[in-house]
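Chemist: Got a structure for you, questions after.
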């Protein structure tokens, strides 16, 4: 267990110290509280952690169960709206992926995989991307979470959306790659682009976000920024400084190639030096942040020295810009570190300080022997990134930003209907249909859970009792019910 802390005793304190609440998360301390704290939505497909890539495979979806248990153990579910999103449909997946590839994922099983020899090679299915039981269902679940998060954000129903099961950034249009089968990030960005002129994608996974960069390599409406290890023998072997986009998308792809062993101070200072001018120059309307945890120290496949606090500081910095934000998972192959990291970053996004001692949960034995939120992960690999090298990268990125010539303009046009008319086909109650037509009061009696003590309501300003405060409280246009775990 973690080191004992010398808490006050009943005898030397004028009050009774309540040791029962030591595991409860506390609001972040600040000199002045925000007038209106951002609303946060948390998406967790109910059974997404029950899939298994194989006995010796480094990717373990079970890490998502560990993460969710920590989130619930810290009481963070009281700070945000919790959702169990529906699965993505085939039509939704085909908005980016080839139909024959999606059909293959739907048909293939461990039993018939050997018979599909031709397709097996064509779609890059193999050791890295094996066929396992209910593969297609797994893809539908994590992609559905990201699509639901993007829709909620676009409808103004939330300020920050979280889907730790998403972030699988290597999948290509017509093939699997790097443990990824369906690229939920691209699908989510495509949904955001229906409402937002410009979207910024940021990737702090140790592997290059090649699938997302490739998807938007010719577009000037999506700027991709990836911080990753770059080496000829390190997957996927892309992400050099020279990869900047092409045609209309030239200069709208930024890459930050790093060497082994980068430490907290170097990474954070470079991250902030790159992202601050990038955001102020590109002026995005929404941000998608991929928080791959394999950039942490002691990862099974990673070679960086980042601590959980440093990884979370990158998330905190992006949050300070106050833009609509989707936070996604990604890589991470030491389950206990991944769960700690994403639970900590959930606290960062909800504005909550988490105690170092882990709360009681169903998987506490996974976090031994320290049972701490911040175990020592740094300093195990020599830092091969010299100050001169990092400064050269920073100057190169600043030079590339000059070619953007400010944010690109986007022609005004009618917002297209929802993907394949899917929302129209959903089974909805009459009150929900009335609410969509702006002539119902369905959302006024619903709740997204406990409100923040400093929450702002429109009714405080207008005082007309029109129920406008429902939007300020974090309810979307459809007033979806909150699903609790």
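Chemist: Looking only at the range 256-277, which residues have a backbone nitrogen under 11 Å from a spot 7 Å from the Cα of residue 389 in the C-beta direction?
Modeler: In the range 256-277, the label zone of residue 389 (backbone N under 11 Å from the point 7 Å along Cα→Cβ) covers 257-263.
Chemist: Now a separate question. Give, in nm to one decimal, the length gained when the segment between residue 234 and residue 260 is fully stretched (0.36 nm per residue of separation minus the Cα-Cα distance).
Modeler: Going from the current span to full extension adds 8.3 nm.
Chemist: So what are the range 158-265's ellipsoid semi-axes, whole angstrom, largest first, if each one is the square root of 5 times an eigenvalue of the alpha-carbon gyration tensor?
Modeler: For the range 158-265, the ellipsoid semi-axes come out as 21, 17, 15 Å.
Chemist: I need the peptides 147-156, 91-100 ranked by packing, meaning the mean over residues of other C-beta atoms within 10 angstrom, with the highest value on top.
Modeler: Highest-to-lowest ranking by the protection proxy: 147-156, 91-100.
Chemist: Given R₀ = 30 Å, what would the calculated FRET efficiency be for residue 374 paired with residue 398, taking r from the Cβ atoms and rounding to 0.05?
Modeler: So the FRET efficiency works out to roughly 0.40.
Chemist: Next question, about the same structure. Kindly give Rg over Rh for the range 33-404, based on alpha-carbon atoms, with the Kirkwood expression for the hydrodynamic radius.
Modeler: We get a ratio of 0.94 for the range 33-404.
Chemist: Just grab the label-to-label distance for residue 113 and residue 100, each label 7 Å out from Cα along the Cβ direction, in nm (one decimal).
Modeler: The modelled label-to-label distance comes out at 2.2 nm.
Chemist: Which of 366, 317 has the fewest other C-beta atoms within 10 Å, and how do the rest follow up to the most?
Modeler: Least to most surrounded, the residues fall as 317, 366.
Chemist: Also, I was wondering about something else. Going by average Cβ neighbours within 10 Å, how do the peptides 356-362, 192-198 rank, with the highest at the top?
Modeler: The most tightly packed comes first, giving 192-198, 356-362.
Chemist: Give me the orientation-averaged projected area of the Cα convex hull of the range 69-145, in nm², one decimal.
Modeler: Dividing the Cα hull surface by four gives the mean projection, 6.8 nm².
Chemist: Sorted from fewest to most neighbouring beta carbons within 10 Å, what does the list 101, 371, 333 look like?
Modeler: Neighbour counts put them in this order, fewest first: 371, 333, 101.
Chemist: For residue 276 and residue 316, calculate 0.36 nm times their separation in residues minus their Cα-Cα distance, and state this gained length in nm to one decimal.
Modeler: Extra length available between residue 276 and residue 316 comes to 13.1 nm.
Chemist: Still on this structure, I have one more. What FRET efficiency do you get for residue 122 and residue 410 if R0 is 45 Å and r is their Cβ-Cβ distance, rounded to the nearest 0.05?
Modeler: Efficiency, from the Cβ-Cβ distance: 0.80.
Any read-out appearing in this document is the output of simple, stated calculations on the displayed coordinates, not a laboratory observation. Every value quoted in this text rests on a predicted model; they were computed, and no experiment measured them. Cβ: placed from backbone, ideal geometry, glycine included. Neighbour counts: every protein chain shown.
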